[in-house]
């Protein structure tokens with residue numbers, strides 16, 4: 001009965017919050033009421049605002065902030081989307097944090113934070129509507145032709161640590177890292193192959209916090225090159241093969257792939273804030289919104305649960321899976 005009630009309420013909310021009753025507005029530092037900006041700052045869920053300078057930067061000339069409103073609630077933003085205009089697809093948060101004027105060669109709109117400010121409306125499709133509206137508004141403006149996210153992987157570290165605990169059990173087999181990758185990892189860490197993955201995780205745990213400072217985000221070399229490749233392959237495996245009811249276990253991936261986005265690229269050392277390291281050892285992901293492919297991708301995902309992958313992610317996945325997955 002509870003499941004039926006949940007389904008009924010979601011359908012009811014979807015009717016109340018249908019696109020015809022929603023408005024997307026650009027939020028600006030000088031033109032938007034302070035009360036609305038205060039709500040946006042207070043409820044920023046992905047990258048909390050540090051100080052006033054950080055706040056001003058987020059509304060700078062190289063940024064676009066959009067919010068979704070219901071026509072009957074004009075002072076209550078429902079969902080907020082932060083966008084950075086870049087010359088190339090960003091791989092690190094410091095590329096987004098760097099303050100600057102709008103560059104003439106900007107061609108990429110990078111959505112780096114989307115926050116649902118009304119928790120009770122999750123699952124109604126408001127975020128999808130906001131992103132797609134923002135893409136259509138930005139398309140063709142000032143030379144923009146590429147639309148991507150720079151998204152967190154909130155539970156990757158927890159998943160990896162749980163898998164390591166599992167594979168170190170008495171009767172468990174270690175297929176997290178296999179073949180030549182495992183040999184290189186054990187040589188690099190100077191340990192036996194059956195200890196390599198757990199030693200890697202322990203190394204990341206110890207090295208991360210000693211190097212991190214929320215006010216110093218430019219730590220692109222925090223993870224050693226060999227460990228970067230291993231982490232990226234593990235992240236690809238987590239995002240694509242770890243599922244619940246055939247959908248990605250990772251909620252962010254489930255959201256963007258369900259919208260028709262492509263899992264384009266996995267970035268190591270991308271978010272070296274304490275929160276980013278705690279959640280995912282610094283891993284972030286680019287999902288690409290290709291307007292021409294969106295309808296096909298959505299249809300294939302709904303029918304076959306097929307996740308569209310970029311070439312780099314497909315290569316990582318092919319290299320990371322044990323023979324039993326082939």
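The values are calculated or read from the model by the stated rules, or taken from the named source; none is laboratory data. Please read these numbers as outputs of a predicted model, since none were measured by experiment. Cβ sites come from the backbone with ideal geometry, for glycine too, and all protein chains shown count toward neighbours.
Values as computed for the structure displayed
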{"read-out": "Among the candidates 65, 80, 46, residue that is surrounded by 13 or more Cβ atoms within 10 Å (Cβ to Cβ) and not in a strand (DSSP E or B)", "value": "46"}
{"read-out": "Subset of segment 49-62 [in a loop (DSSP other than H, G, I, E, B) and in contact (Cβ under 8 Å) with a residue 40 or more places away in the chain]", "value": "50, 60, 61, 62"}
{"read-out": "Flag if residue 104 is outside the structural domain of residue 274 (by TED's automatic domain parsing) and surrounded by 14 or more Cβ atoms within 10 Å (Cβ to Cβ)", "value": "no"}
{"read-out": "Identity of the residue in segment 266-292, surrounded by fewer than 21 Cβ atoms within 10 Å (Cβ to Cβ) and in contact with a strand residue (DSSP E or B) (Cβ under 9 Å, 6 or more places away or on another chain), that ends up farthest from residue 146 (Cα to Cα)", "value": "274"}
{"read-out": "Single condition residue 289 does not satisfy, out of (1) touching a helix residue (DSSP H, G or I) at 6+ places or on another chain (Cβ under 7 Å); (2) on the phi > 0 side of the Ramachandran plot", "value": "(2)"}
{"read-out": "Matching option when the condition is at pLDDT below 90 and under 21 Å from the mean Cα position of the chain (by Cα), among 220, 207", "value": "220"}
{"read-out": "Listing of helices (runs of 4 or more DSSP H) fully contained in segment 271-326 that carry 3 or more residues being within 25 Å of residue 223 (Cβ to Cβ) and either touching a residue at least 60 places away in the same chain (Cβ under 8 Å) or not assigned by TED's automatic domain parsing to the domain that holds residue 94 (or both)", "value": "274-280, 311-320"}
{"read-out": "Residues within segment 239-265 that are over 17 Å from residue 149 (Cβ atoms) and in contact (Cβ under 8 Å) with a residue 60 or more places away in the chain, tallied", "value": "4"}
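For (1) in contact with a helix residue (DSSP H, G or I) (Cβ under 8 Å, 6 or more places away or on another chain); (2) at pLDDT below 95, each residue gets a yes or a no:
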residue: 235; (1), (2): yes, no
residue: 240; (1), (2): yes, no
residue: 245; (1), (2): no, yes
residue: 250; (1), (2): yes, no
residue: 264; (1), (2): yes, no
residue: 274; (1), (2): yes, yes
residue: 312; (1), (2): no, no
residue: 317; (1), (2): yes, yes
